[in-house]
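K.L.:
One structure is given below, represented as structure tokens, and several questions about it will come after.
Just so it is clear, none of the values below were taken in a lab; they were calculated from the coordinates. The shown structure was predicted, so the numbers you read here are calculated from the model rather than taken from an experiment. Here the Cβ positions follow ideal geometry from the backbone for every residue, glycine too, while neighbour counts run over all protein chains shown.
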Amino acid sequence: MARRRMSEAEADEQVRATLRRKPDPGEPRAIAAEYVAGRGVLGVTLKAGTRVEIPIAVLSALRNVPDDIRRQVTVSSGGLVLRWDPVDVDYDIGGLLLAALWPKPRAALRAMGRVGGQLGGQARTEAKARAARANGAKGGRPRKTARA
């Protein structure tokens, strides 16, 4: 099934909705971020005053990006996202913190992707209900067959 591209108006509305959302007091929010070229780390200062440093090698989308672009990091979405406009890359603060604390940071970022997919799969929308009804009318999910 083809995925419909989000319009600019829909994307803008999602950003506005995120900014209107009442923040969870326990939710980590960034107030500043910088790339420290000499050490190859991304330094993130959280609203609580904590500073976390994440090796840039962990962030696959920034691995082959020049240092001058890495320095152009901005904090957006009310402190929930770090953004690099020149290369159109965004990283979620929660995922970055997980990567910083996890023994295998790349595995942490993959796990965050899986969790996001699982949460999306749990969504209950009218469109998803229609699709489920249509599939049920066709006989439902095919039975698993035993392998030899």
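K.L.:
Tell me the strands (runs of 3 or more DSSP E) entirely within the range 14-99 that contain at least 3 residues that are under 14 Å from the mean Cα position of the chain (by Cα).
P.N.:
It comes to 81-84, 89-92.
K.L.:
Report yes if Ile93 is crowded, with 16+ Cβ neighbours inside 10 Å and farther than 23 Å from Ala11 by Cα, otherwise no.
P.N.:
Details: crowded, with 16+ Cβ neighbours inside 10 Å: yes; farther than 23 Å from Ala11 by Cα: no.
Criteria not met by Ile93.
K.L.:
Another question about this same structure. Identify all residues within the range 29-50 that are loosely packed, with under 12 Cβ neighbours inside 10 Å and without any contact (Cβ under 8 Å) to a residue 12 or more places away in the chain; write none if there are none. Show your work before the answer.
P.N.:
Kept after step one, since they are loosely packed, with under 12 Cβ neighbours inside 10 Å, are these residues of the range 29-50: 38-39, 48-50.
Scanning the range 29-50 gives Gly38, Gly49, Thr50.
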